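Worksheet for the structure shown next.
The values are calculated or read from the model by the stated rules, or taken from the named source; none is laboratory data. Note that this is a predicted model, so its numbers are computed, not measured. Here the Cβ positions follow ideal geometry from the backbone for every residue, glycine too, while neighbour counts run over all protein chains shown. SASA here: full protein model, heavy atoms, side chains in, ligands and nucleic acids out. Shrake-Rupley method; radii C 1.70, N 1.55, O 1.52, S 1.80 Å.
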Amino acid sequence: MEYEFHWNIVFQKLPQLLNGAFVTLHVSVLSMLIGIAIAVLLAIAKMSDARIFSLPATVWVEIARNTPALFQIYMAYFGLGAFGIHLSPYAAVLSALVFVNAGYLTETFRGGFQSIPKTQYSASKSLGMSSTQLYRYIILPQMFRRIYHPMTNQFVWSILMSSLGILVGMNELSGETQRLQSLSFRTLEFFIVAAVMYFLITKFVLFSAALISQKVFKGEL
Amino acid sequence: MIQIQNVHKSFGDLEVLKGIDLEVNRGEVVSVIGGSGSGKSTLLYCINAIEDIQQGRIIVDDIDVHAKGTNRDKLRQKLGMVFQQWNSFPHLTVLENASLAPRIVLKLSKKEAIEVAKKELNHVGLGDKLDEYPTRMSGGQQQRLAIARALAMRPDYMLFDEVTSALDPELVGEVLDTLRMLRDDGMTMICVTHEIAFAREVSDKVAFFHQGIIEEIGPPEQVIVNPQREATQKFLSKVLH
Ligand SMILES: Nc1ncnc2c1ncn2[C@@H]1O[C@H](COP(=O)(O)OP(=O)(O)OP(=O)(O)O)[C@@H](O)[C@H]1O
Ligand SMILES: [Mg+2]
């Protein structure tokens with residue numbers, strides 16, 4: 001028995017799929033932005049000598065890096081639900097992705113901070129810069145540049161992992177694909193198109209990232 | 001004037017400076033020589049408050065450097081420093097390297113900051129490299145950039161920490177020439193250096209550091225040409241031969 005492809009129905013539903021793709025991009029962009037902000041703070045906390053700062057940061061990083069994303073999404077959706085905190089599918093997936101992104105990026109940022117020579121600090125201070133100026137003009141620009149590639153990788157990871165939204169009925173690309181194929185039974189067609197869309201989204205993200213880095217990062221480190 | 005009075009400095013249990021007294025008057029050039037680990041760099045870091053001290057005082061003009069209320073960022077505007085390892089800001093062009101601090105620290109307008117920076121860069125012979133990135137330049141050029149970057153802050157004093165010792169021999173001359181030029185401009189300088197001939201030529205005073213104290217200090221004709229102390233004689237015969 002041969003499988004017969006019928007693409008018509010898929011093309012009719014393309015607007016819904018594109019909408020799903022938009023939600024996918026939306027949730028991963030947001031999870032990166034919030035994740036980066038938290039990771040900067042966690043990285044600073046983790047490098048602190050005071051255990052009340054470094055310990056919580058370490059715990060966060062260890063859990064985020066050593067448990068499956070699936071489990072974290074379940075915890076955010078069903079786990080918190082058991083305590084009466086009911087998140088929407090979107091919010092649950094977003095919090096889980098933020099949690100993991102922050103965990104991974106903390107280590108990336110810490111490595112970034114530590115890779116900047118101590119002499120950059122003393123040189124900046126000797127010019128009379130305050131600590132805020134030192135970080136804003138000298139350290140952070142160099143750090144972001146060093147960690148730019150790991151950061152884009154993390155972004156791609158977020159896009160792909162947001163597909164776990166399918167498990168909590170989120171209307172991102174996978175969830176939308178699942179819903180549409182179950183109505184039409186054109187399973188293979190829908191999932192092939194969705195896979196192509198994921199591929200295009202990540203390629204688009206990597207391409208834009210490369211373009212931005214060319215525009216923003218001048219000189220060499 | 002910089003007055004260093006009975007300064008003691010330790011890193012943990014290791015006492016690196018064991019009572020340093022030194023005065024540097026306006027317009028003077030003081031060279032500091034001495035063996036590795038004798039505390040020369042540490043003293044410079046103490047003068048601009050990058051390091052704390054445990055005892056004694058350092059006064060720069062009227063400012064007590066390590067007193068509680070002292071604004072260290074303000075103090076450092078008076079003191080330019082250039083380090084052994086050149087440390088230009090790699091993500092900024094030559095011009096940005098030299099104009100950043102005047103703009104954000106001295107709050108000059110962008111135009112004024114660029115003007116000041118250009119002037120100093122021309123002064124050290126980097127006028128044709130303004131848009132270059134430092135990583136593409138030689139060590140000698142980067143060291144001259146570091147000097148211009150410090151000068152653009154209009155400091156009253158310059159501290160040099162072995163600014164030629166990480167350079168290839170053929171690049172040492174251009175940096176020493178820049179220091180000579182500063183001396184001729186009347187800049188007050190403390191130069192930690194291994195270049196004994198240079199110290200002899202440019203200094204008003206030479207201080208020989210030995211195991212955390214100033215073993216001998218005086219005009220170069222004394223300390224370098226005719227050292228009185230045995231430790232000085234030993235050190236010089238080692239580095240000169
Ligand atoms: N941040 C630090 N922590 C601990 N020990 C330090 C630190 N900085 C310097 N020291 C120690 O202090 C001593 C003096 O160091 P310093 O760098 O002042 O010597 P120096 O005279 O400049 O030597 P060199 O000619 O090698 O540059 C050395 O034993 C060094 O190991
Ligand atoms: Mg030194």
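For segment B:49-70, the set of residues classified as away from ligand 1 (no atom under 14 Å from the Cβ) and within 14 Å of chain A (Cβ to nearest Cβ) consists of B:Ala49, B:Val60, B:Ile63, B:Val65, B:Thr70, listed by residue number. Checked against (1) modelled with pLDDT of 95 or more; (2) under 25 Å from B:Thr193 (Cβ atoms), B:Gly139 meets all criteria but (1). Would it be correct to say that B:Met181 is within 24 Å of B:Cys46 (Cα to Cα) and either open to solvent by 10 Å² or more (accessible area, probe 1.4 Å) or among the aliphatic types (A, V, I, L, M) (or both)? Spelling it out, it is not the case that B:Met181 is within 24 Å of B:Cys46 (Cα to Cα) and either open to solvent by 10 Å² or more (accessible area, probe 1.4 Å) or among the aliphatic types (A, V, I, L, M) (or both). For B:Ala207, the conditions (1) outside any helix (DSSP H, G or I); (2) more than 14 Å from ligand 1 (Cβ to nearest atom) are fulfilled apart from (2). Note on segment A:101-116: among residues that are out of contact with any Pro (no Cβ under 9 Å at 6 or more places or on another chain) and open to solvent by less than 40 Å² (accessible area, probe 1.4 Å), the one that is farthest from the other protein chains (Cβ to nearest Cβ) is A:Gly103. Scanning segment B:227-241 for residues that are open to solvent by less than 90 Å² (accessible area, probe 1.4 Å) and over 20 Å from B:Leu17 (Cα atoms) yields B:Pro227, B:Gln233, B:Leu236, B:Ser237, B:Val239.
Within segment A:54-74, at least one residue is open to solvent by less than 60 Å² (accessible area, probe 1.4 Å), small (Gly, Ala, Ser) and touching a Gly at 6+ places or on another chain (Cβ under 7 Å). Per the listing A:Thr152, A:Thr119, the residue uniquely in a helix (DSSP H, G or I) and more than 10 Å from chain B (Cβ to nearest Cβ) is A:Thr152. Among the residues making up segment A:122-149, those that are facing chain B (nearest Cβ under 7 Å) and among the basic types (Lys, Arg) are A:Lys125, A:Arg145.
Candidates B:Ser99, B:Ser41, B:Ser36: the one that is surrounded by 14 or more Cβ atoms within 10 Å (Cβ to Cβ), within 16 Å of ligand 1 (Cβ to nearest atom) and either in a helix (DSSP H, G or I) or away from chain A (no Cβ under 14 Å) (or both) is B:Ser41. Here the condition is being at negative phi and not hydroxyl-bearing (Ser, Thr, Tyr); of B:Gly173, B:Gly186, B:Gly125, it holds for B:Gly173 alone. Exactly one residue out of B:Lys74, B:Lys78 is within 13 Å of chain A (Cβ to nearest Cβ), surrounded by fewer than 18 Cβ atoms within 10 Å (Cβ to Cβ) and in contact (Cβ under 8 Å) with a residue 40 or more places away in the chain, and it is B:Lys78.
Sort out which residues of segment B:144-163 are more than 12 Å from every other protein chain (Cβ to nearest Cβ), within 16 Å of ligand 1 (Cβ to nearest atom) and surrounded by 24 or more Cβ atoms within 10 Å (Cβ to Cβ), and write them in order of number. Passing the criteria: only B:Val163. Only one of the numbered conditions (1) of a type in the set (A, V, I, L, M, F, W, C); (2) touching a residue at least 40 places away in the same chain (Cβ under 8 Å); (3) within 16 Å of ligand 2 (Cβ to nearest atom) is not met by B:Leu14, and that is (2). When you scan segment B:4-20, do you find a residue that is within 12 Å of ligand 1 (Cβ to nearest atom), more than 30 Å from B:Leu176 (Cβ to Cβ), open to solvent by less than 40 Å² (accessible area, probe 1.4 Å) and assigned to a strand (DSSP E or B), even just one? Yes, the conditions are met somewhere in segment B:4-20. On inspection, B:Gly27 fails the criterion of being within 16 Å of ligand 2 (Cβ to nearest atom), within 18 Å of the chain's Cα centre (by Cα) and farther than 17 Å from B:Met81 by Cβ. Condition check for A:Arg145 on (1) part of a helix (DSSP H, G or I); (2) modelled with pLDDT of 95 or more: one failure, at (2). A count restricted to segment B:210-225 and to residues that are more than 24 Å from B:Arg180 (Cβ to Cβ), open to solvent by 20 Å² or more (accessible area, probe 1.4 Å) and part of a loop (DSSP other than H, G, I, E, B) stands at 1.
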